[in-house]
Each structure stands twice: as structure tokens, then as C-alpha cells.
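The values are calculated or read from the model by the stated rules, or taken from the named source; none is laboratory data. Keep in mind that this is a model prediction, so the values were computed, not measured. For neighbour counting, all protein chains shown are included, and Cβ atoms are generated from backbone atoms with ideal geometry for every residue, glycine included.
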Amino acid sequence: MYMRVILAAISILYFIPLYAAPVEKDSLLQKGIDLYQQGEFEQSIAVLQSRLKTAIEQNDKNTRKVIYNNLGNDYCNIGKSVEALKAYQDAISIAEEQKDRKSIAKCTKNIGALYAETKDFAKALQKYDEAEKIAASINDTFILADCANNKGVVFEQQKKYGEAIKSYTTALALYQQLKMEDRIAILYNNIGIVYKYLKDYDKSIEFYQQSLGISEKTGDKFMIAANLINIGNVYEMKGDYKKAIELNERGLKTGLEIDSKDLIINAYESLANDYAKSGDYQKGFDLYKTYTSVKDSFISIERSRQLADMQTKYETEKKEKQIIKLEKTRYQMLAIIGIMVLASVIAFLLYNRQQVLQKQKREQAIAEAEYNERMRIAKDVHDDLGSGLSKISLTANVAEQKALNNGNTAADIRQIASMSKDLVDNMRDLIWVLNPENTTLDNLVARLREYCADYIEGTGIVPVLLFPENVPGINISRQTQRNIFSTVKEAINNVVKHSSAHKILIQLKLNEQGLNMTIEDNGKGMGTRLANSGGNGLRNMKQRVESIGGKFSVENGPVQGTILQITVPTNKLRSAVIA
């Protein structure tokens, strides 16, 4: 199993905070900035919003500019892209009025980082260019360095590794000029990541080691652990499993010291992989169980909180019923003492039996709900992953037989690699769908945009993606999220594999009536696609959409190709029953 390095934690898209001259005396504003730097984004928003009210009342534009930029940073870190963009734009409006070019450059760069987070790389690079131009005009080396680093991150994600190294090297030189050791360490790490992708493992280790040396000097334990794990992963790729195990165990130890869940999870997974590849399968299996346990416990924190809330509510209702019963019994005692003893015993027995029955029913309902959810997850795992693993196993056996007969196994190996990649992608999609934080309309649209762009890239088909920029963050049902995403995913797959198209238009519209998505290609048309799929794929897509109260249609284009449409009314986006 391929181990993903801790790229998201290291290739940083910098969001620069703004500081006003009076910040040292403004304790509330400083508190909001400090909370942001500590990663307490929700608390930072609450403090900054409170300070913003006073700044508006006092017409304090300088403080408002600082607050808007820092609110944008907070919103970015909790995934509220629309709110973040508005906050940055408000800060830029004030900065333009004040002719504050430095603040304009910082906020423009932050907007670029926002677009990069949502995978809109073209707009991200455009904003970085604008910020660089302003920074160059005022000789601001710091902003120039951050723009160069952020461009490198974008190029790296676009797999333009030559351009990524060039941008990272530019940023590194500027940070060295500023003597900023923390960011120099990050740049060395980023360059090491690119060389790892280029399979120049010795060069990759060289840069990781430089990053590690600086991190050890500054005492940055997070970067120390991240570098140790990254270097360990490269040694695993080189086949030096003993060295990989040593480095990953050191990384795990440091990760446990600072209680970094991401580092701990990655270290356990890396160690499980290292031991398995070195031949110690029992140790690898034990570590994989530990990795799974740590990961599951991390994911289930929110579910545990919900169960605790349910239990508190249940106990409160139980106490209220007991109080009512005691009051009733007291009045009965005053009415007739002789019957009181017998009535109390009978009432207690009946009450106790009723509570037992209610508890049994409640436990049964919870157990049934959990059973249904497990069965649904098991079905998804079986459908998406089980069949893929079976195909890989079968293809591997064929390749083994060819190898024994001195046959050509290259095509089989390529097929295994392709199926493995599809399997990893399916696992990521399944994890995304299961995450309750993703059941909002804005997250669904962002994921659809990202998936369409990533899947079509490299196929030779020219994509035209038309998605709205401002999407409300309303909650939607998990079934709605899963069925829309699965339908679009299968539709795009059909176009790439069966249509012979060279252009595809994917357009999503949101209005008062609801969600409307159109997928139009210029390929062979619906007749060919039905012949290839037997109609089952289209029938499954239609059933998914109709099960959530939507409408599905597919027809031949006026000249050529196919037009597929998905429509879900507004009232159905939230009200669809969760399966």
C-alpha cells in the first residue's frame, strides 16, 4: 500500500494576518489575532466580530481593515470560502480608499490562497501575480516570498514539478535574505517533496535533512516529526525498510509528545507498511490495527459528543417523570393510607417494568440504526473496493503465470497500477461521503468541481466547467449528497470511457427552484453508450436521482453527443430520507 506523505501539513498556502499600529494597545483585537495563530478559529471569529461592532460604531477604518483580513483567514481555515472572500474584499475596499498598497497586496495574496484551497488554480495564480506586482512596486520582500511559495504549491498540485522547484527556490532565497528560519525549513521540505515525486530520492532526502536540521535548531517539534516521517517514507521507496522503520518510530515518538493526531496516524500507517514490506507481517498487521483504532477514535469524536447529548436528554426526561410520579403518590397517601402501600408497590412495579421496556425499545432502535448504517457502509465497501481488489488479485495471478512462462507482463502490471489508482480514488470518495462535515451544499459543489477537473485531466477531452462561485452552506441529507455525487461520477466516467468525445461541458446552476446540473459531450451519442453499458448504468443513475425526489434525463444532442440533466428541487435537497 502506498503511503501518502504529510503534504497538506507542510506545503503551506500562507494566509498573512494584518496588524494595525495600535494593535499593541488594543487587547481585544490582539486576542483575536492570537487565537487565530493558536488555531482556535471559531473563538477568534467570535472575538473579532465583537471588536468589529465597536470599530464600525467609531468609524475606525484602520481597525476594520485589520479585522476583515483576519476574519477572512479564520473563515478560510474552517472551510467557509464565501464568507472569507467577502471579508478580504471588504479589507481591500478600505485599503484602496486609504491607498494602503501593502495591505492590498497582502489581502490579494490571501484571496489567491483561498482560490488555491478550492482547487481553482487559474484564479489563484492570477491573484498571486497581482499581489507580486504590487509587492515589487513597494519592495516588500516578505510578500514576494510568500507569493513565490504559494505558486510553488499550486504548480506542485498541477504536477508541473519544474515550475514548482523554480518557485520554491525563489521563495527560499527571499526567506534566507529575511533570515526566517521557520519558513526556510518549510521550503526545504517542500522542495524535498517535489524531488520525491520526481523519484530523485537522494535529492529528496538531502532537502528533508536540511529542513530537519533547522527544525531541530528552532525546536519546532511538529516539523521535526513531519520531516522524520517524510524521510522514512523515501527510504521505504528505496527499499531500505530498516532505516524507514527507525525514522518513522522517531517521528511517532515526537508526534505523541505533541499529541498531533495527523502525525500519529501517518506514522502508524507508515510503520505498518514498513514492517509488512520487510517481511514481518505480524508486526505490520498489529500496527495496522493500531493505526485503524487511532484513526477511528479521531473520526468518532463528534459521534461520541452526540451520543453524550442524547444520554443527558434521556436522564433529564427520566428525572422529570420520577418527580411527577412522586407528587402523584404523595396526594394518594393523603387520600387513603390503607390503599397507599399496595398502590405504591403496584405503581413501582408497573413503572419499573415500563422503564425496562422503554429502555429495551430505545436500545433496539439504536442497534437497528447502527446495523443499517453498518450494512450500508459494508455494501459501499463491497461494491467500490471489494470488486476492485478481486480484479487486482485476478490480474496479478495472470501476470504471475505469464512471468513463469516467460511471457510479457508489462500490460498486466500497467492494468494493476491503473486499478490500484481507481481503488484509492474510490476509497477517498467513500471517506469523503461518510464524513458528516461534508453534508452541506457548498461542500458538495466544491467536491463536484474538484472531481470533474481531476478526473478529466489527462484524458484528452477539453473540459468546460461552469460552477457558481457563491454557494450557500446549507445542510443537506447524506443520501442527497451521496446520490448526486455518485450519479455525476458515473456520468463523467461514461463520457470518458464510451463517448469518444473530445469536449465536455459540465454546468451546475443554483436558483430558487433548486439544483440543476447539465453534462453535455460531443461524442457518439446515446445509442453507442447504451450498447456499451446495456442500459444498466443509466437506469441506476435515474433510480439514484429519483430516490431523492429529483428528475433525471438523458438524450442525444441536436447535432451529436449526449445531454444528461439532473434536477433536484430546493425542498428535496434537505428533506430526502437518509438511507
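In this structure, does SER137 turn out to be free of Cβ contacts under 8 Å to residues at least 24 places away in the same chain, farther than 29 Å from GLU450 by Cβ and out of contact with any Asp or Glu (no Cβ under 7 Å at 6 or more places or on another chain)? Taking the combined requirement at face value, the residue does not satisfy it.
Can you pull out every residue in segment 220-236 that is farther than 10 Å from ASP274 by Cα and either part of a helix (DSSP H, G or I) or among the aromatic types (Phe, Trp, Tyr) (or both)?
Of everything in segment 220-236, those that are farther than 10 Å from ASP274 by Cα and either part of a helix (DSSP H, G or I) or among the aromatic types (Phe, Trp, Tyr) (or both) turn out to be LYS221, PHE222, MET223, ILE224, ALA225, ALA226, ASN227, LEU228, ILE229, ASN230, ILE231, VAL234.
Please enumerate the residues belonging to segment 43-99 that are within 20 Å of ALA446 (Cβ to Cβ), more than 21 Å from the chain's Cα centre (by Cα) and of a type in the set (Phe, Trp, Tyr). Within segment 43-99, TYR88 is the sole residue that qualifies.
Residue by residue through segment 440-482, note down the ones that are part of a helix (DSSP H, G or I) and closer than 18 Å to LEU85 by Cβ. Scanning segment 440-482 gives LEU441, ASP442, ASN443, VAL445, ALA446, ARG449, GLU450.
Of all residues in segment 245-267, those satisfying the criterion of being under 15 Å from ASN227 (Cα atoms) and of a type outside the set (A, V, I, L, M, F, W, C) are GLU246, ASN248, GLU249, ARG250, GLY251, LYS253, THR254, GLY255, SER260, ASP262, ASN266.
Taking the listed residues THR118, THR141, THR170, the one that is β-branched (Val, Ile, Thr) and under 22 Å from LYS80 (Cβ atoms) is THR118, with no other qualifying. For segment 483-513, the set of residues classified as part of a strand (DSSP E or B) and either outside the structural domain of VAL554 (by TED's automatic domain parsing) or over 25 Å from the mean Cα position of the chain (by Cα) (or both) consists of LYS503, ILE504, LEU505, ASN511, listed by residue number. The single residue among ALA135, ALA124, ALA113 that is buried (at least 23 other Cβ atoms within 10 Å of the Cβ), among the small types (Gly, Ala, Ser), out of contact with any Lys or Arg (no Cβ under 6 Å at 6 or more places or on another chain) and over 24 Å from TYR197 (Cβ atoms) turns out to be ALA135.
Only a single item in (1) of a type in the set (Lys, Arg); (2) closer than 23 Å to PHE142 by Cβ; (3) modelled with pLDDT under 90 is not met by LYS65, and it is number (3). Scanning segment 208-230 for residues that are polar (S, T, N, Q) and more than 17 Å from ILE193 (Cβ to Cβ) yields one hit, THR218.
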